[in-house]
Each structure stands twice: as C-alpha cells, then as structure tokens.
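The values are calculated or read from the model by the stated rules, or taken from the named source; none is laboratory data. On a predicted model such as this, the values are computed, not experimentally measured, just so you know. Because the Cβ atoms are built from the backbone with ideal geometry, glycine has one as well, and the counts that use them run over all protein chains shown.
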Amino acid sequence: MKLYSSPVSNNCRRVLATIEELGLGDVEVIDVNLAKGEQMRPEFLAINPNGKVPVLVDGGRTIWESSAIMHHLALGSWLEPKGFDLIDVLRWQAWDSAHFGSSILKVVWERLVKPMRGADPDEAIIASGLAGFARFAPVLEAALEDKTFLLGDTLCLADLSLATDVALAAPGGIDLEPYPNIRRWYAGMAKRPSMQKTAPRL
Ligand SMILES: N[C@@H](CCC(=O)N[C@@H](CS)C(=O)NCC(=O)O)C(=O)O
C-alpha cells in the first residue's frame, strides 16, 4: 500500500497514527510537498482530483478522505468495533469533521497558517471558529465524563481523529481550561506512541 501524506497535515496524522496503532509494516509513505503545490500536479490529481492529502493506494483501489482511509486500514482489526459502537465511531468522526475539528481548523488557519504565508488573519473567521468551538466542545466534554476513551475503555478511530484536531487547539490559542474531561482525555492520547511518533514535522 502507498500513502500519499504530508508531515504538516493533521488529516494525514490521524491516518499515520492508525498505522502506528495497528503496527502495519506494509504501508509506504510518500511525502507530498503542499508548500510547493505538488498536490495540484496532474499525476497527483489523477489519484485525488480534489488535490488533497491523504490518499491511500491499495492494489488497484484509491481512497481519499482520512476517515475512509482509517476504516479501510482498521477493517477487521481490534481498532474497528462492530454494531452500534461502529456507528458511534462514524458519528463522532462526522461530527468532528463538520463541527468540532472544523471550528479549531478555522482558527488555526487564520492565526497560524495565513501569517506564515504572509497574509493577514481574518478576525471575523477567527470569531466564527471560536464560537463554533464554544458551542461544540461542551458536547465532547459531557461525552468524556468518566471515560478514558470516547467509547469507554477501548481506543477507537474517533479518538485518533479528534485528538489530532485537539492537538492544534493550544497552538491556535484556543483555551481548553474550561474542559477538564477533554484535557484529561487528550493528555492520555498525547502520551500514546502513535501520537508521539506522528507529531507534525514543520
Ligand atoms: N476532508 C479531508 C481533508 C483533506 C485536507 O484538507 N488536506 C489538506 C492537508 S490537511 C490538503 O491536502 N491541503 C492542500 C490543498 O488544499 O491544496 C480529509 O479528511 O482527508
């Protein structure tokens, strides 16, 4: 299998963390230089017409979207629960992508990425990201009450998806102080070798 990835991408990080958790040795990681625009080259657009990483090529099949790749890699393993638990994993990943993680990423993009590219942050977008975070973080805070992981005692793919977004909260200046359950859960996640080995290389 080949994974087209970027060391600065949180979407790639959650796939790389999945590979680490599962101990998969047969994935060749190919770095795509986003700063140089390699994701827009015709040969890359041929595998992902969106021009985005991560992309997994497995035999004759190509998969883009980080969550889909994670599920493909974890299929049939201890990391892929069954029945309603699997639906819960999908639910949290969809929620993260649509609401929670996207709020964090809005702020991070404006406060960190744009200035690195010489552009001014848009304060209205930052305010909208912070408002989204304030709306959705309490949902996660309540769900993590008395739990080590989102599903209880066992790590699931949604923990990896959410943790790679929460990892960006502090660098983005988002205050986690009001959310003790999120801080406790994230502290546990951040200690996992899969998270430590995949920390962004900027
Ligand atoms: N929803 C996608 C998001 C992928 C994405 O936005 N990738 C970013 C890196 S984090 C990218 O490739 N950006 C390059 C670009 O948009 O030109 C996923 O979860 O895989």
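Looking at the structure I just gave you, is Ser103 more than 10 Å from the ligand (Cβ to nearest atom), over 19 Å from Asn11 (Cβ atoms) and among the polar types (S, T, N, Q)?
no
Are any of the residues in region 27-42 closer than 15 Å to Ser194 by Cβ, within 15 Å of the chain's Cα centre (by Cα) and either modelled with pLDDT of 95 or more or away from the ligand (no atom under 16 Å from the Cβ) (or both)?
no
When only residues in region 43-59 that are in a loop (DSSP other than H, G, I, E, B) and more than 18 Å from the chain's Cα centre (by Cα) count, which is farthest from the ligand (Cβ to nearest atom)?
The selected residue is Gly59.
Provide a single number: the residues in region 100-133 that are in contact with a Lys or Arg (Cβ under 8 Å, 6 or more places away or on another chain), more than 15 Å from Gly173 (Cα to Cα) and surrounded by 16 or more Cβ atoms within 10 Å (Cβ to Cβ).
0
Given Asp146, Asp153, Asp159, Asp175, which one is in contact with a strand residue (DSSP E or B) (Cβ under 8 Å, 6 or more places away or on another chain) and among the acidic types (Asp, Glu)?
Asp159
Return the total of residues in region 168-195 being out of contact with any helix residue (DSSP H, G or I) (no Cβ under 7 Å at 6 or more places or on another chain) and either in a loop (DSSP other than H, G, I, E, B) or in the same structural domain as Leu16 (by TED's automatic domain parsing) (or both).
Of the residues in that region, 6 qualify.
Taking the stated definitions as given, is Val8 within 8 Å of the ligand (Cβ to nearest atom), farther than 18 Å from Arg61 by Cβ and touching a strand residue (DSSP E or B) at 6+ places or on another chain (Cβ under 6 Å)?
Spelling it out, it is not the case that Val8 is within 8 Å of the ligand (Cβ to nearest atom), farther than 18 Å from Arg61 by Cβ and touching a strand residue (DSSP E or B) at 6+ places or on another chain (Cβ under 6 Å).
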